[in-house]
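The values are calculated or read from the model by the stated rules, or taken from the named source; none is laboratory data. Bear in mind that the values here come from a model prediction, so they are computed numbers and not experimental data. Virtual Cβ from ideal backbone geometry, glycine too; neighbours counted across all protein chains shown.
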Amino acid sequence: MRTQTKYIDTFVAAIEAGSFVRAAEQLHVTPSTVSYQIRQLEEWIGAPLFERSARKVLPTALAERLFAICGQFIDEIGTLRAAARGRAGATREAMRIATGSSFGRYVLTPILSQDAFADTVINLRFGIDDDVCAAVAAGRADLGFSYTMVASNSLTFELVYRYPLVLIAPFAQKPSGALAKWVADAGFITYDDCEPAFAGWFGAQLGGMPPQMRTMGRCTEIEEAIAMVAAGRGLSIVPAYMLDAALRARRVRTVTPRGMPATTDTVFRVLRKGSLLDTAGETLLQAVRQADPAA
């Protein structure tokens with residue numbers, strides 16, 4: 001019997017990326033190819049796997065069940081690969097981590113690339129805070145990192161990382177006149193889930209959001225927002241840990257109100273109540289705490 005299981009990789013990429021476009025970039029195919037393969041899988045299963053909208057695709061309950069099965073399968077394959085390489089303790093399950101995308105790419109990935117995790121099987125998935133917390137609560141992830149604490153009777157949160165939020169402008173552009181008026185008159189580049197960052201910075205630095213904020217562009221990822229700022233499209237407010245390359249290349253500049261302390265945002269560790277981390281998980285948490293710029 002012919003099946004469409006060959007499209008499972010595409011399905012997993014679409015779930016983890018939260019977008020057919022980003023999944024296509026990861027798989028090095030066109031978005032139309034991803035859409036076609038997902039529809040083939042849906043026809044084979046007999047039900048929709050995604051709710052499609054203009055901005056994003058959302059997995060259905062059936063898709064969440066399928067993804068959980070896929071995650072277990074991937075974990076088992078990782079364990080088998082470790083066993084095939086003859087590593088001690090190969091029967092241990094993979095360390096499954098759910099996290100916000102920018103924190104995962106710019107903070108967690110460099111830590112997980114260190115020698116301390118060379119023998120660790122890692123399953124890293126990205127999502128917004130609700131996705132991260134849902135994955136931990138449902139047992140699809142052993143450990144989560146969330147920018148906010150989500151109301152839950154089954155999860156525990158602990159502050160493990162703080163980072164500066166900074167206002168950025170094109171490198172050639174400098175504030176003129178009163179900063180509050182200059183900012184209020186400027187156009188802004190926003191990105192998915194930027195609202196807490198914008199509200200936090202404006203509240204701490206200028207006493208609150210401007211009555212009206214002119215949006216000159218909206219992106220999915222923060223990297224894209226930084227690129228649009230560098231191209232002169234407007235200003236944005238982003239985590240400082242993402243700016244090293246753009247600052248070194250003099251593509252953007254940071255703008256800080258005089259005499260005001262830095263605005264910081266937070267990342268929380270997320271665990272199911274009563275759960276315990278293995279040695280690799282505890283090592284990761286310790287490394288994240290040590291990397292905290294505010295520590």
Within the stretch 163-195, how many residues are touching a residue at least 60 places away in the same chain (Cβ under 8 Å) and either in a loop (DSSP other than H, G, I, E, B) or surrounded by fewer than 17 Cβ atoms within 10 Å (Cβ to Cβ) (or both)?
-> 7
Which of the following residues is touching a strand residue (DSSP E or B) at 6+ places or on another chain (Cβ under 7 Å), among the hydrophobic types (A, V, I, L, M, F, W, C) and either within 17 Å of Y106 (Cα to Cα) or at pLDDT 85 or above (or both): A204, A199, A172, A231?
-> A204
M242 meets each of (1) surrounded by fewer than 16 Cβ atoms within 10 Å (Cβ to Cβ); (2) in contact (Cβ under 8 Å) with a residue 12 or more places away in the chain with one exception, condition (1)
Among residues of the stretch 108-131 being modelled with pLDDT of 90 or more and hydrophobic (A, V, I, L, M, F, W, C), the residue surrounded by the most Cβ atoms within 10 Å (Cβ to Cβ) is L108
Test: D115 is acidic (D, E) and in contact with a strand residue (DSSP E or B) (Cβ under 6 Å, 6 or more places away or on another chain) = no
Test: residue in the stretch 264-280 that is touching a helix residue (DSSP H, G or I) at 6+ places or on another chain (Cβ under 6 Å), part of a strand (DSSP E or B) and β-branched (V, I, T) | yes
Given the structure, is T256 among the hydroxyl-bearing types (S, T, Y), within 25 Å of A225 (Cβ to Cβ) and surrounded by fewer than 17 Cβ atoms within 10 Å (Cβ to Cβ)?
-> yes
Of R105, R81, R2, R87, which residue is under 30 Å from A240 (Cβ atoms) and at pLDDT below 85?
-> R105
